[in-house]
Amino acid sequence: MWLVSDPNHEQVIAEIERMEDRPAALVAAAFLETILTDLIKLAILDDEKVTGPLLKGTGALAAFSQKIDLGYLLMLYPEYYKGLLHTIRKTRN
């Protein structure tokens with residue numbers, strides 16, 4: 001089940017649901033990581049000079065795992081969802 005607040009996400013979700021399991025896991029994980037990155041950027045100071053290098057490439061918070069944990073520490077979601085996101089990350093890997 002997906003909770004969709006952005007109508008633009010509906011098309012991505014529909015595509016994920018049509019895919020075979022492995023590609024669906026890859027695309028869904030990337031989709032969730034993108035949303036999580038956007039949420040983190042909303043929760044912290046908006047300074048792209050600092051957040052860009054931290055959240056991209058080889059930055060300290062660039063990996064999905066670190067973003068999941070940071071989102072939890074920022075109280076963006078409860079521990080249960082942190083566990084679900086890590087399960088999705090592990091499935092992707």
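Values in this text are rule-based calculations from the coordinates and carry no lab data. No experiment lies behind these values; they were computed from the predicted model shown. Every residue, glycine as well, gets a Cβ built from its backbone with ideal geometry; the counts of neighbours run over all protein chains shown.
Side notes on the structure shown:
- Convex hull volume of the C-alpha atoms in segment 47-93, normalised per residue: 69 Å³.
- In nm, spacing of pseudo-spin labels at His86 and Ala62 (7 Å Cα→C-beta vector): 2.3 nm
- Of (i) 46, 31, 24; (ii) 35, 27, 26; (iii) 38, 27, 26, the label for Cα extents along the principal axes in Å derived from the coordinates: (iii)
- For the chain, hydrophobic long helices are taken as DSSP H runs at least 30 Å long by C-alpha position along their axis with mean Kyte-Doolittle hydropathy of -0.5 or more; these are 21-43.
- The peptide list 6-15, 50-59, 34-43, put in order of mean Cβ contacts within 10 Å with the highest first, becomes 34-43, 50-59, 6-15.
- Remark: for residue pairs Lys41/Lys90; Lys41/Lys67; Lys49/Lys82, the C-alpha separation exceeds 21 Å in Lys41/Lys90; Lys49/Lys82.
- If the chain linking Asp21 and Glu48 were pulled fully straight, counting 0.36 nm for each residue of separation and taking away their Cα-Cα distance, it would gain 6.2 nm.
- Taking the Cα centre of the chain as origin and assigning +1 to Lys and Arg Cβ atoms and -1 to Asp and Glu Cβ atoms, the resulting dipole is close to 360 debye.
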